[in-house]
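Visitor: Before we start, here is the structure in question, set down as structure tokens.
The values are calculated or read from the model by the stated rules, or taken from the named source; none is laboratory data. Computed from a predicted model, the values in this text were never measured in an experiment. Neighbour counts are summed over all protein chains in view; Cβ atoms, including those assigned to glycine, are modelled from backbone coordinates with ideal geometry. The accessibility values were calculated without ligands, DNA or RNA, using every heavy atom of the protein model including side chains. Shrake-Rupley method; radii C 1.70, N 1.55, O 1.52, S 1.80 Å.
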Amino acid sequence: MTRPYSVRVTARGYETDVQGHVNQAVYLNYAEHARWSLLQEAGLSQARLRDRGVGPVALETTIRFLRELLAGDEVDVTCEFEWSGGKTFRIRQEIRRTDGVLAAEISAVGGLMDLDARKLVADPREVFRELTTDVSLFGL
């Protein structure tokens, strides 16, 4: 994939704090929205994952805040998977205002949990390959 997957979000007034900035926890919501949008575009609904007996899990998330976001700001939220083998994968994301200003960088480690065994599946890449209609969205 030449460019990371991206979805546009508009910051809403009720997402702001007393200083008028988008609340720090909302950045996580934007990142999660982009991840689920990517999954849906790749043909993976929550129901399809559940029917296969797996679900995505977040193991670690780091946010680096670089610039403020205000109500009404439009941002593009990227999502790019990185694979190193094993049970986990990394997701790199950016939240960038439409004027090009980088507002935040997000790095997350995730996996796919076997919902019966309550353990990570051995190779999440294989499950994504099996279930998706567009593996390129996962960098596979």
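Visitor: Can you tell me which residue among D76, D116 is modelled with pLDDT of 95 or more, of a type in the set (D, E) and within 21 Å of R3 (Cβ to Cβ)?
Guide: Numbers: D116 fails: within 21 Å of R3 (Cβ to Cβ).
Answer to the check: D76.
Visitor: On the basis of being hydrophobic (A, V, I, L, M, F, W, C), open to solvent by less than 90 Å² (accessible area, probe 1.4 Å), modelled with pLDDT of 95 or more and in contact with an Asp or Glu (Cβ under 8 Å, 6 or more places away or on another chain), does V7 make the cut? Show your work before the answer.
Guide: Details: hydrophobic (A, V, I, L, M, F, W, C): yes; open to solvent by less than 90 Å² (accessible area, probe 1.4 Å): yes; modelled with pLDDT of 95 or more: yes; in contact with an Asp or Glu (Cβ under 8 Å, 6 or more places away or on another chain): yes.
Considered against the rule, which asks whether it is hydrophobic (A, V, I, L, M, F, W, C), open to solvent by less than 90 Å² (accessible area, probe 1.4 Å), modelled with pLDDT of 95 or more and in contact with an Asp or Glu (Cβ under 8 Å, 6 or more places away or on another chain), V7 comes out as yes.
Visitor: So, one more: When you scan the stretch 95-111, how many residues do you find that are in contact (Cβ under 8 Å) with a residue 24 or more places away in the chain, of a type in the set (D, E, K, R) and in a loop (DSSP other than H, G, I, E, B)? Can you show your working first?
Guide: Within the stretch 95-111, the first condition is being in contact (Cβ under 8 Å) with a residue 24 or more places away in the chain, and the residues that meet it are 95, 97-98, 101-111.
Filter once more, so that each one left must be of a type in the set (D, E, K, R): 97, 105.
Those still in the list that are in a loop (DSSP other than H, G, I, E, B) too: none.
Of the residues in that region, 0 qualify.
Visitor: Something else about it: Which pairs do you get when a residue that is closer than 24 Å to R3 by Cβ, found in the stretch 119-140, comes within reach of a residue that is assigned to a strand (DSSP E or B) and not hydrophobic (A, V, I, L, M, F, W, C), reach meaning Cβ atoms under 8 angstrom, with the pair 6+ apart or on two chains?
Guide: Pairs that qualify, where the first residue is closer than 24 Å to R3 by Cβ and the partner is assigned to a strand (DSSP E or B) and not hydrophobic (A, V, I, L, M, F, W, C), are P124/T88; P124/G111; L137/Y5; G139/E80; G139/E82.
Visitor: Name the single residue, out of those in the stretch 28-64 being without any contact (Cβ under 8 Å) to a residue 24 or more places away in the chain and open to solvent by 80 Å² or more (accessible area, probe 1.4 Å), that is farthest from R96 (Cα to Cα).
Guide: Top of the filtered list is D51.
Residue-by-condition table, conditions (1) within 16 Å of A34 (Cα to Cα); (2) open to solvent by 50 Å² or more (accessible area, probe 1.4 Å):
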| residue | (1), (2) |
| --- | --- |
| A71 | no, yes |
| E74 | yes, yes |
| G85 | no, no |
| Q93 | yes, no |
| A104 | yes, no |
| A108 | yes, no |
| L112 | no, no |
| K119 | no, yes |
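Visitor: Report yes if A11 is under 30 Å from L131 (Cα atoms) and in contact (Cβ under 8 Å) with a residue 40 or more places away in the chain, otherwise no. Outline the logic, then answer.
Guide: Working: under 30 Å from L131 (Cα atoms): no; in contact (Cβ under 8 Å) with a residue 40 or more places away in the chain: yes.
For A11, the condition - under 30 Å from L131 (Cα atoms) and in contact (Cβ under 8 Å) with a residue 40 or more places away in the chain - is not met.
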